[in-house]
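Notes to accompany the following structure.
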Number of protein chains: 2
Amino acid sequence: MARPSLREKLASSAVDTLHTLGFKGCSIQDITDAAGVPKGSFFNHFENKEDLAIDALRRYLEGSRPDMLFDESVPPLERLKNHFTFLSERLIANGFERGCMLGLFSAEMAREYPRMRQELREVFDRWCSGVEQLLRDAQAKGEVDPRHDAGQLARFLVNSWEGATIRLRITQDRQPIDDFLNVAFKALLK
Amino acid sequence: MARPSLREKLASSAVDTLHTLGFKGCSIQDITDAAGVPKGSFFNHFENKEDLAIDALRRYLEGSRPDMLFDESVPPLERLKNHFTFLSERLIANGFERGCMLGLFSAEMAREYPRMRQELREVFDRWCSGVEQLLRDAQAKGEVDPRHDAGQLARFLVNSWEGATIRLRITQDRQPIDDFLNVAFKALLK
(Lines give C-alpha, C1' and ligand atoms only; values in the text may rest on other atoms or scores of the structure.)
Protein backbone atom coordinates (compact mmCIF):
# COMPACT_ATOMS: atom_id res chain seq x y z
CA MET A 1 0.00 0.00 0.00
CA ALA A 2 1.33 3.44 -0.88
CA ARG A 3 2.36 5.58 2.07
CA PRO A 4 0.06 8.55 2.58
CA SER A 5 1.53 11.67 1.06
CA LEU A 6 2.98 14.20 3.43
CA ARG A 7 0.10 16.55 2.57
CA GLU A 8 -2.43 13.85 3.44
CA LYS A 9 -0.66 13.05 6.71
CA LEU A 10 -0.65 16.73 7.68
CA ALA A 11 -4.25 17.37 6.64
CA SER A 12 -5.78 14.30 8.25
CA SER A 13 -3.93 14.80 11.52
CA ALA A 14 -4.90 18.49 11.60
CA VAL A 15 -8.61 17.64 11.88
CA ASP A 16 -8.05 16.32 15.41
CA THR A 17 -5.52 18.94 16.45
CA LEU A 18 -7.71 21.86 15.35
CA HIS A 19 -10.88 20.29 16.76
CA THR A 20 -9.28 19.67 20.14
CA LEU A 21 -7.23 22.81 20.60
CA GLY A 22 -9.24 25.24 18.48
CA PHE A 23 -7.90 27.36 15.63
CA LYS A 24 -6.42 29.98 17.93
CA GLY A 25 -5.34 27.41 20.49
CA CYS A 26 -2.70 25.77 18.32
CA SER A 27 0.25 26.97 16.28
CA ILE A 28 1.43 25.64 12.93
CA GLN A 29 4.22 24.01 14.92
CA ASP A 30 1.66 22.18 17.12
CA ILE A 31 -0.06 20.93 13.96
CA THR A 32 3.11 19.72 12.24
CA ASP A 33 4.38 18.16 15.49
CA ALA A 34 1.12 16.24 15.95
CA ALA A 35 1.29 15.08 12.32
CA GLY A 36 4.93 14.08 12.68
CA VAL A 37 6.01 16.17 9.68
CA PRO A 38 8.70 18.86 9.49
CA LYS A 39 7.38 22.36 10.25
CA GLY A 40 9.09 23.65 7.12
CA SER A 41 6.91 21.42 4.95
CA PHE A 42 3.68 23.19 5.96
CA PHE A 43 3.86 25.98 3.42
CA ASN A 44 4.60 23.57 0.58
CA HIS A 45 1.07 22.26 1.04
CA PHE A 46 -1.08 25.02 2.51
CA GLU A 47 -1.11 28.75 2.04
CA ASN A 48 -1.75 29.42 5.71
CA LYS A 49 -3.49 28.03 8.80
CA GLU A 50 -6.92 29.23 7.63
CA ASP A 51 -6.46 27.25 4.40
CA LEU A 52 -5.69 24.11 6.42
CA ALA A 53 -8.66 24.76 8.76
CA ILE A 54 -11.03 24.95 5.77
CA ASP A 55 -9.64 21.62 4.57
CA ALA A 56 -10.09 20.19 8.10
CA LEU A 57 -13.70 21.40 8.23
CA ARG A 58 -14.47 19.63 4.92
CA ARG A 59 -12.93 16.39 6.20
CA TYR A 60 -14.87 16.71 9.45
CA LEU A 61 -18.12 17.09 7.51
CA GLU A 62 -17.45 13.98 5.43
CA GLY A 63 -17.72 12.08 8.71
CA SER A 64 -21.12 13.59 9.52
CA ARG A 65 -23.00 11.37 7.02
CA PRO A 66 -25.02 14.09 5.25
CA ASP A 67 -26.36 11.30 2.99
CA MET A 68 -28.54 10.11 5.89
CA LEU A 69 -30.72 13.19 5.44
CA PHE A 70 -31.55 12.15 1.89
CA ASP A 71 -32.13 8.41 2.33
CA GLU A 72 -35.71 8.14 1.08
CA SER A 73 -36.02 4.53 2.19
CA VAL A 74 -36.57 5.90 5.72
CA PRO A 75 -39.68 8.01 6.59
CA PRO A 76 -38.71 11.71 6.89
CA LEU A 77 -39.16 12.30 10.61
CA GLU A 78 -37.42 9.06 11.55
CA ARG A 79 -34.63 10.03 9.14
CA LEU A 80 -34.20 13.40 10.86
CA LYS A 81 -34.08 11.72 14.24
CA ASN A 82 -31.50 9.22 12.93
CA HIS A 83 -29.45 12.15 11.63
CA PHE A 84 -29.27 13.95 14.97
CA THR A 85 -28.83 10.66 16.84
CA PHE A 86 -25.85 9.84 14.62
CA LEU A 87 -24.35 13.29 15.31
CA SER A 88 -24.99 12.78 19.04
CA GLU A 89 -23.16 9.47 19.08
CA ARG A 90 -20.20 10.98 17.28
CA LEU A 91 -20.05 13.87 19.76
CA ILE A 92 -20.20 11.52 22.72
CA ALA A 93 -17.55 9.25 21.21
CA ASN A 94 -15.30 12.33 20.92
CA GLY A 95 -15.71 13.01 24.64
CA PHE A 96 -17.53 16.09 25.88
CA GLU A 97 -14.63 18.44 25.40
CA ARG A 98 -14.72 19.02 21.71
CA GLY A 99 -18.26 19.96 20.75
CA CYS A 100 -18.98 20.57 17.07
CA MET A 101 -16.27 21.95 14.81
CA LEU A 102 -18.78 24.26 13.10
CA GLY A 103 -19.68 26.02 16.33
CA LEU A 104 -16.06 26.20 17.41
CA PHE A 105 -14.82 27.81 14.20
CA SER A 106 -17.87 30.09 14.06
CA ALA A 107 -17.11 31.40 17.55
CA GLU A 108 -13.37 31.72 17.04
CA MET A 109 -12.95 32.71 13.41
CA ALA A 110 -16.03 34.37 11.89
CA ARG A 111 -14.90 37.88 12.67
CA GLU A 112 -11.36 37.86 11.33
CA TYR A 113 -11.40 35.12 8.69
CA PRO A 114 -13.81 35.98 5.88
CA ARG A 115 -12.92 32.90 3.81
CA MET A 116 -13.76 30.61 6.72
CA ARG A 117 -16.92 32.59 7.41
CA GLN A 118 -17.99 32.10 3.79
CA GLU A 119 -17.20 28.38 4.01
CA LEU A 120 -19.25 28.09 7.21
CA ARG A 121 -22.08 30.06 5.64
CA GLU A 122 -22.27 27.59 2.76
CA VAL A 123 -22.03 24.57 5.07
CA PHE A 124 -24.84 25.83 7.33
CA ASP A 125 -26.97 26.82 4.33
CA ARG A 126 -26.62 23.37 2.74
CA TRP A 127 -27.39 21.67 6.04
CA CYS A 128 -30.45 23.84 6.67
CA SER A 129 -31.70 23.27 3.10
CA GLY A 130 -31.42 19.51 3.57
CA VAL A 131 -33.37 19.66 6.84
CA GLU A 132 -35.95 22.01 5.28
CA GLN A 133 -36.55 19.63 2.37
CA LEU A 134 -36.94 16.75 4.79
CA LEU A 135 -39.42 18.73 6.90
CA ARG A 136 -41.45 19.54 3.79
CA ASP A 137 -41.58 15.82 2.98
CA ALA A 138 -42.63 15.15 6.57
CA GLN A 139 -45.35 17.78 6.27
CA ALA A 140 -46.56 16.32 2.96
CA LYS A 141 -46.78 12.90 4.62
CA GLY A 142 -48.65 14.32 7.64
CA GLU A 143 -45.80 13.59 10.06
CA VAL A 144 -45.23 17.26 10.94
CA ASP A 145 -47.77 20.05 11.45
CA PRO A 146 -48.09 21.76 8.04
CA ARG A 147 -48.48 25.15 9.72
CA HIS A 148 -44.78 25.25 10.58
CA ASP A 149 -42.57 27.37 8.31
CA ALA A 150 -40.25 24.54 7.22
CA GLY A 151 -37.31 26.82 6.38
CA GLN A 152 -37.49 28.64 9.69
CA LEU A 153 -37.94 25.46 11.67
CA ALA A 154 -34.94 23.87 9.88
CA ARG A 155 -32.70 26.83 10.72
CA PHE A 156 -33.94 26.85 14.30
CA LEU A 157 -33.21 23.13 14.72
CA VAL A 158 -29.71 23.40 13.26
CA ASN A 159 -28.88 26.45 15.40
CA SER A 160 -30.34 24.80 18.50
CA TRP A 161 -28.24 21.73 17.84
CA GLU A 162 -25.15 23.93 17.71
CA GLY A 163 -26.20 25.53 20.99
CA ALA A 164 -26.47 22.07 22.59
CA THR A 165 -22.95 21.21 21.42
CA ILE A 166 -21.62 24.43 22.96
CA ARG A 167 -23.38 23.79 26.26
CA LEU A 168 -22.07 20.24 26.61
CA ARG A 169 -18.55 21.64 26.78
CA ILE A 170 -19.70 23.08 30.11
CA THR A 171 -21.94 20.36 31.51
CA GLN A 172 -19.52 17.62 30.38
CA ASP A 173 -22.44 15.26 30.05
CA ARG A 174 -25.10 14.41 27.48
CA GLN A 175 -27.92 16.40 29.08
CA PRO A 176 -27.85 19.19 26.44
CA ILE A 177 -28.14 16.57 23.68
CA ASP A 178 -30.99 14.76 25.42
CA ASP A 179 -32.76 18.08 26.02
CA PHE A 180 -32.43 18.85 22.31
CA LEU A 181 -33.68 15.45 21.14
CA ASN A 182 -36.57 15.42 23.61
CA VAL A 183 -37.84 18.93 22.98
CA ALA A 184 -37.26 18.79 19.22
CA PHE A 185 -38.90 15.43 18.65
CA LYS A 186 -41.46 15.19 21.45
CA ALA A 187 -42.65 18.79 21.82
CA LEU A 188 -41.87 20.64 18.61
CA LEU A 189 -42.17 18.04 15.84
CA LYS A 190 -45.05 16.09 17.29
CA MET B 1 -15.41 62.90 40.55
CA ALA B 2 -12.71 60.44 41.50
CA ARG B 3 -10.72 58.99 38.63
CA PRO B 4 -11.43 55.31 38.11
CA SER B 5 -8.74 53.18 39.68
CA LEU B 6 -6.25 51.56 37.37
CA ARG B 7 -7.80 48.17 38.17
CA GLU B 8 -11.24 49.48 37.23
CA LYS B 9 -9.92 50.99 34.01
CA LEU B 10 -8.26 47.71 33.06
CA ALA B 11 -11.23 45.52 34.02
CA SER B 12 -13.93 47.60 32.35
CA SER B 13 -11.97 47.99 29.13
CA ALA B 14 -11.18 44.26 29.05
CA VAL B 15 -14.87 43.36 28.68
CA ASP B 16 -14.87 44.81 25.16
CA THR B 17 -11.41 43.60 24.20
CA LEU B 18 -12.10 40.00 25.26
CA HIS B 19 -15.59 40.01 23.77
CA THR B 20 -14.36 41.29 20.42
CA LEU B 21 -11.10 39.39 20.02
CA GLY B 22 -11.88 36.31 22.12
CA PHE B 23 -9.81 34.98 25.01
CA LYS B 24 -7.26 33.32 22.77
CA GLY B 25 -7.39 36.11 20.21
CA CYS B 26 -5.82 38.75 22.44
CA SER B 27 -2.70 38.98 24.56
CA ILE B 28 -2.31 40.68 27.92
CA GLN B 29 -0.48 43.39 25.99
CA ASP B 30 -3.54 43.89 23.72
CA ILE B 31 -5.71 44.23 26.83
CA THR B 32 -3.46 46.72 28.62
CA ASP B 33 -2.93 48.69 25.38
CA ALA B 34 -6.69 48.96 24.83
CA ALA B 35 -7.16 50.07 28.46
CA GLY B 36 -4.33 52.59 28.18
CA VAL B 37 -2.51 51.18 31.22
CA PRO B 38 1.09 49.96 31.49
CA LYS B 39 1.49 46.26 30.70
CA GLY B 40 3.51 45.84 33.89
CA SER B 41 0.52 46.86 36.01
CA PHE B 42 -1.56 43.83 34.93
CA PHE B 43 -0.21 41.41 37.49
CA ASN B 44 -0.70 43.89 40.34
CA HIS B 45 -4.43 43.49 39.78
CA PHE B 46 -5.09 40.07 38.27
CA GLU B 47 -3.47 36.72 38.78
CA ASN B 48 -3.64 35.83 35.08
CA LYS B 49 -5.72 36.32 31.95
CA GLU B 50 -8.31 33.72 33.04
CA ASP B 51 -8.87 35.67 36.26
CA LEU B 52 -9.52 38.84 34.24
CA ALA B 53 -11.82 36.95 31.84
CA ILE B 54 -13.94 35.71 34.76
CA ASP B 55 -14.22 39.31 35.98
CA ALA B 56 -15.17 40.39 32.43
CA LEU B 57 -17.85 37.71 32.23
CA ARG B 58 -19.42 38.94 35.49
CA ARG B 59 -19.44 42.51 34.22
CA TYR B 60 -20.95 41.39 30.93
CA LEU B 61 -23.74 39.59 32.81
CA GLU B 62 -24.59 42.66 34.87
CA GLY B 63 -25.58 44.26 31.58
CA SER B 64 -27.93 41.40 30.70
CA ARG B 65 -30.66 42.54 33.13
CA PRO B 66 -31.31 39.20 34.90
CA ASP B 67 -33.82 41.09 37.09
CA MET B 68 -36.23 41.20 34.13
CA LEU B 69 -36.81 37.45 34.55
CA PHE B 70 -38.12 38.00 38.07
CA ASP B 71 -40.28 41.09 37.60
CA GLU B 72 -43.64 39.74 38.73
CA SER B 73 -45.49 42.84 37.62
CA VAL B 74 -45.29 41.39 34.08
CA PRO B 75 -47.11 38.13 33.15
CA PRO B 76 -44.59 35.24 32.89
CA LEU B 77 -44.63 34.54 29.16
CA GLU B 78 -44.49 38.22 28.25
CA ARG B 79 -41.61 38.57 30.73
CA LEU B 80 -39.70 35.75 29.05
CA LYS B 81 -40.24 37.35 25.67
CA ASN B 82 -39.09 40.71 27.02
CA HIS B 83 -35.98 39.00 28.39
CA PHE B 84 -34.94 37.48 25.06
CA THR B 85 -35.95 40.63 23.19
CA PHE B 86 -33.71 42.67 25.46
CA LEU B 87 -30.81 40.27 24.83
CA SER B 88 -31.53 40.47 21.10
CA GLU B 89 -31.36 44.23 21.09
CA ARG B 90 -28.08 44.19 22.96
CA LEU B 91 -26.59 41.69 20.51
CA ILE B 92 -27.71 43.74 17.53
CA ALA B 93 -26.38 46.95 19.09
CA ASN B 94 -23.01 45.19 19.45
CA GLY B 95 -22.97 44.41 15.73
CA PHE B 96 -23.21 40.86 14.45
CA GLU B 97 -19.59 40.05 15.01
CA ARG B 98 -19.51 39.46 18.72
CA GLY B 99 -22.27 37.05 19.59
CA CYS B 100 -22.74 36.16 23.25
CA MET B 101 -19.74 36.10 25.58
CA LEU B 102 -21.00 32.91 27.25
CA GLY B 103 -20.95 30.94 24.02
CA LEU B 104 -17.59 32.41 23.02
CA PHE B 105 -15.85 31.51 26.27
CA SER B 106 -17.57 28.11 26.34
CA ALA B 107 -16.20 27.28 22.88
CA GLU B 108 -12.73 28.66 23.49
CA MET B 109 -12.00 27.96 27.13
CA ALA B 110 -14.06 25.09 28.59
CA ARG B 111 -11.47 22.43 27.87
CA GLU B 112 -8.35 24.04 29.29
CA TYR B 113 -9.67 26.46 31.90
CA PRO B 114 -11.52 24.59 34.67
CA ARG B 115 -12.14 27.74 36.74
CA MET B 116 -13.84 29.42 33.79
CA ARG B 117 -15.76 26.24 33.03
CA GLN B 118 -17.03 26.19 36.62
CA GLU B 119 -17.99 29.87 36.39
CA LEU B 120 -19.87 29.24 33.14
CA ARG B 121 -21.56 26.20 34.65
CA GLU B 122 -22.91 28.33 37.51
CA VAL B 123 -23.98 31.13 35.19
CA PHE B 124 -25.86 28.77 32.87
CA ASP B 125 -27.40 26.93 35.83
CA ARG B 126 -28.67 30.16 37.41
CA TRP B 127 -30.04 31.37 34.08
CA CYS B 128 -31.79 28.05 33.40
CA SER B 129 -33.26 27.99 36.92
CA GLY B 130 -34.68 31.47 36.44
CA VAL B 131 -36.27 30.50 33.13
CA GLU B 132 -37.57 27.25 34.63
CA GLN B 133 -39.24 29.08 37.52
CA LEU B 134 -40.81 31.49 35.07
CA LEU B 135 -42.09 28.63 32.90
CA ARG B 136 -43.63 26.99 35.98
CA ASP B 137 -45.42 30.25 36.76
CA ALA B 138 -46.58 30.43 33.14
CA GLN B 139 -47.85 26.84 33.38
CA ALA B 140 -49.65 27.59 36.65
CA LYS B 141 -51.33 30.58 34.97
CA GLY B 142 -52.31 28.49 31.93
CA GLU B 143 -50.02 30.42 29.57
CA VAL B 144 -47.85 27.40 28.72
CA ASP B 145 -48.86 23.77 28.17
CA PRO B 146 -48.48 22.07 31.57
CA ARG B 147 -47.30 18.86 29.91
CA HIS B 148 -43.91 20.45 29.14
CA ASP B 149 -41.05 19.50 31.48
CA ALA B 150 -40.23 23.06 32.61
CA GLY B 151 -36.62 22.31 33.52
CA GLN B 152 -35.88 20.63 30.22
CA LEU B 153 -37.65 23.29 28.22
CA ALA B 154 -35.73 26.03 30.07
CA ARG B 155 -32.36 24.40 29.31
CA PHE B 156 -33.39 23.85 25.69
CA LEU B 157 -34.37 27.50 25.28
CA VAL B 158 -31.15 28.81 26.82
CA ASN B 159 -29.00 26.46 24.72
CA SER B 160 -30.96 27.30 21.57
CA TRP B 161 -30.47 30.99 22.26
CA GLU B 162 -26.73 30.40 22.49
CA GLY B 163 -26.88 28.52 19.19
CA ALA B 164 -28.61 31.50 17.57
CA THR B 165 -25.88 33.83 18.81
CA ILE B 166 -23.22 31.54 17.32
CA ARG B 167 -24.99 31.36 13.97
CA LEU B 168 -25.40 35.12 13.64
CA ARG B 169 -21.62 35.45 13.56
CA ILE B 170 -21.93 33.65 10.21
CA THR B 171 -25.12 35.11 8.74
CA GLN B 172 -24.19 38.63 9.90
CA ASP B 173 -27.86 39.44 10.13
CA ARG B 174 -30.68 38.99 12.64
CA GLN B 175 -32.28 35.97 11.00
CA PRO B 176 -31.04 33.48 13.66
CA ILE B 177 -32.54 35.69 16.39
CA ASP B 178 -35.85 36.05 14.57
CA ASP B 179 -35.94 32.30 13.96
CA PHE B 180 -35.38 31.72 17.67
CA LEU B 181 -38.05 34.20 18.79
CA ASN B 182 -40.60 32.97 16.25
CA VAL B 183 -40.18 29.25 16.88
CA ALA B 184 -39.83 29.61 20.64
CA PHE B 185 -42.81 31.89 21.16
CA LYS B 186 -45.12 30.98 18.29
CA ALA B 187 -44.58 27.24 17.92
CA LEU B 188 -43.15 25.91 21.16
CA LEU B 189 -44.65 28.09 23.90
CA LYS B 190 -48.05 28.58 22.38
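The values are calculated or read from the model by the stated rules, or taken from the named source; none is laboratory data. Just so we're clear, the structure is a prediction, and the values are computed from it rather than from any experiment. Note: ideal-geometry Cβ built from the backbone for every residue, glycine included; neighbour counts use all protein chains shown. What goes into the accessible areas is simple: the full protein's heavy atoms, side chains included, and nothing from ligands, DNA or RNA. Shrake-Rupley method; radii C 1.70, N 1.55, O 1.52, S 1.80 Å.
Residue-by-condition table, conditions (1) within 15 Å of the chain's Cα centre (by Cα); (2) of a type outside the set (A, V, I, L, M, F, W, C); (3) over 19 Å from residue A:172 (Cα atoms):
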| residue | (1), (2), (3) |
| --- | --- |
| B:64 | yes, yes, yes |
| B:72 | no, yes, yes |
| B:79 | no, yes, yes |
| B:83 | yes, yes, yes |
| B:93 | yes, no, yes |
| B:107 | yes, no, no |
| B:114 | no, yes, no |
Which of the numbered conditions does residue B:167 fail, given that it passes all the others? Conditions: (1) over 20 Å from residue A:185 (Cα atoms); (2) surrounded by fewer than 24 Cβ atoms within 10 Å (Cβ to Cβ); (3) of a type in the set (Lys, Arg). (2)
So the check is Cβ under 7 Å with 6+ separation or different chains; which pairs have a first residue in region B:82-100 that's over 22 Å from residue B:23 (Cβ atoms) and a second one that's not in a helix (DSSP H, G or I)? B:82/B:74; B:86/B:65; B:92/B:174
Selected residue (criterion: most open to solvent (accessible area, probe 1.4 Å)) from residues of region B:171-190 that are more than 9 Å from chain A (Cβ to nearest Cβ) and not basic (Lys, Arg): B:173
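Check B:150, B:154 and return the single one that is more than 14 Å from residue B:69 (Cα to Cα) and open to solvent by less than 30 Å² (accessible area, probe 1.4 Å).
Values: B:154 fails: more than 14 Å from residue B:69 (Cα to Cα).
Just one listed residue meets the conditions, B:150.
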Going residue by residue through region A:34-51, is there one that turns out to be under 19 Å from the mean Cα position of the chain (by Cα) and more than 25 Å from residue B:99 (Cα to Cα)? no
If we ask which residues in region B:154-170 are within 7 Å of chain A (Cβ to nearest Cβ) and among the β-branched types (Val, Ile, Thr), their number turns out to be 2
Could you check region A:100-121 and list, in sequence order, the residues that are more than 10 Å from chain B (Cβ to nearest Cβ) and surrounded by fewer than 21 Cβ atoms within 10 Å (Cβ to Cβ)? A:113, A:114, A:115
Positions within region A:129-153 being hydrophobic (A, V, I, L, M, F, W, C) and either within 7 Å of chain B (Cβ to nearest Cβ) or under 18 Å from residue B:157 (Cβ atoms) (or both), in sequence order: A:153
Looking across region A:12-51 at residues that are of a type in the set (D, E, K, R) and under 21 Å from residue A:112 (Cβ atoms), the single one that is nearest to the other protein chains (Cβ to nearest Cβ) is A:24
